[in-house]
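Step one of this worksheet: look at the structure below.
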Amino acid sequence: MRLTPAEKTLRDLDWNLLRVFLALAEAGSVTAAADALGLKQPSVSQALKRLEDRVGHRLIDRRPGEFSLTPQGLALLPEAQAVRGTILRGLLAMQEAAGEVAGEVVLALASHVVSPLLDQALRAFHASHPKARLTMDILPSRDAVDRVVKGTASLAICLLPEPPSVLQSTVFYREFFGLFCGPPHPLFGRKKLSLADLAGHASVSFQTDRMGDALAAVTELRRAAGLDAQVIGQSTHLEEVRRMIVAGLGIGPLPLHVVAEDVASHKLWRLPPYDAPPAIDVHLVWHPRARPNRAEAAFLQLLLNLLAQTDPESRIYRG
């Protein structure tokens, strides 16, 4: 049987060469790719050269100050990623054929997700499926949702200002935000304050704290307190917003239940308004048309079962 040139290339192609190409394309440099692969830089360069010779195309332009994929390299990249995914799925399929729930669950989380229900789910999942792996990525909510849409995250627990029509979601819990200051701030420790006392002070906040975004209710709160004029620090991560507040950079919003211990230990001081704080819903988000591995399917079902068995009132964290 006479093979076509493409079939001959396929017969002789070493997967390890594609693996090196993927590392180079995703790392953006020979040095970073060598570190990721645990190889010496000359070995990485030689492997790329062998792959380029095998396929008959230059795949990466490497010159002083230049590292970019050629049109042929860009065409090969998604196909090489698909080959890697197929190999991984094949290995997982063999594990699952042996009756094991294996595979990786990638959970995309907003930085302020603090929930006993999630902790319970993690404990129960690990106890039932010890060979499954969990990866938890902290991301802005929009990026977390985008990961689920693209299939690079199994599911997300995050804010959901505009849910894409392709996704399904349900409220995981509700949290309430208050305004706080740190020990260096002139309002720290003062009682009987009114909302008017906050006007004119500098503030720090989340990058999603703007009208029309996920924390729009918090934006309204800052505006009512007269804090919208000077936002001197922002972050997508709760810990960094908290750090700026504690350091005295300004007044900022935080979920009441997350910082309750900080208030009790006088690291943070709660400021007005004390009544009717803004409520924010945190959602569980997944892609109904995705093809999950058994671990992903088991973890999602575990979360949905816990939500169905839990009194909704117990998932309202008033702080």
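Counting only residues that are under 19 Å from VAL106 (Cα atoms), in a strand (DSSP E or B) and among the hydrophobic types (A, V, I, L, M, F, W, C), the stretch 157-182 holds 3 of them. Only one entry of SER265, SER205, SER194 meets the criterion of being under 27 Å from the mean Cα position of the chain (by Cα) and in the same structural domain as GLY151 (by TED's automatic domain parsing), and that entry is SER205.
Selection of the stretch 301-311 for residues being surrounded by fewer than 18 Cβ atoms within 10 Å (Cβ to Cβ) and either in contact (Cβ under 8 Å) with a residue 60 or more places away in the chain or at positive phi (or both) yields LEU302, LEU304, LEU306, LEU307, THR310. Could you please let me know if VAL258 is assigned to a loop (DSSP other than H, G, I, E, B), hydrophobic (A, V, I, L, M, F, W, C), surrounded by fewer than 21 Cβ atoms within 10 Å (Cβ to Cβ) and in contact (Cβ under 8 Å) with a residue 40 or more places away in the chain? Yes, satisfied. Against the criterion of being closer than 23 Å to LEU117 by Cα and modelled with pLDDT of 95 or more, LEU268 does not qualify.
Yes or no, residue by residue, for (1) closer than 25 Å to ASP137 by Cβ; (2) of a type in the set (Phe, Trp, Tyr); (3) part of a strand (DSSP E or B):
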{"residue": "PRO184", "(1), (2), (3)": "no, no, no"}
{"residue": "GLY189", "(1), (2), (3)": "no, no, no"}
{"residue": "ASP197", "(1), (2), (3)": "no, no, no"}
{"residue": "GLY200", "(1), (2), (3)": "no, no, no"}
{"residue": "ALA214", "(1), (2), (3)": "yes, no, no"}
{"residue": "GLY233", "(1), (2), (3)": "yes, no, yes"}
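One line per residue, one yes/no per condition, for (1) in contact with a Gly (Cβ under 7 Å, 6 or more places away or on another chain); (2) modelled with pLDDT of 90 or more; (3) surrounded by 15 or more Cβ atoms within 10 Å (Cβ to Cβ):
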site: ALA216; (1), (2), (3): no, no, yes
site: THR219; (1), (2), (3): no, no, yes
site: GLY233; (1), (2), (3): yes, yes, yes
site: GLU239; (1), (2), (3): no, yes, no
site: ARG242; (1), (2), (3): no, yes, yes
site: ALA247; (1), (2), (3): yes, yes, no
site: ILE251; (1), (2), (3): no, yes, yes
site: ALA264; (1), (2), (3): no, yes, no
site: PRO273; (1), (2), (3): no, yes, yes
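Checked against (1) at pLDDT 90 or above; (2) surrounded by fewer than 17 Cβ atoms within 10 Å (Cβ to Cβ); (3) closer than 28 Å to ALA295 by Cβ, LYS150 passes all but condition (1).
The values are calculated or read from the model by the stated rules, or taken from the named source; none is laboratory data. Treat the numbers as computed from the prediction; the structure is a model and nothing was measured. Please note: Cβ atoms are built from the backbone with ideal geometry, for glycine as well, and neighbour counts cover all protein chains shown.
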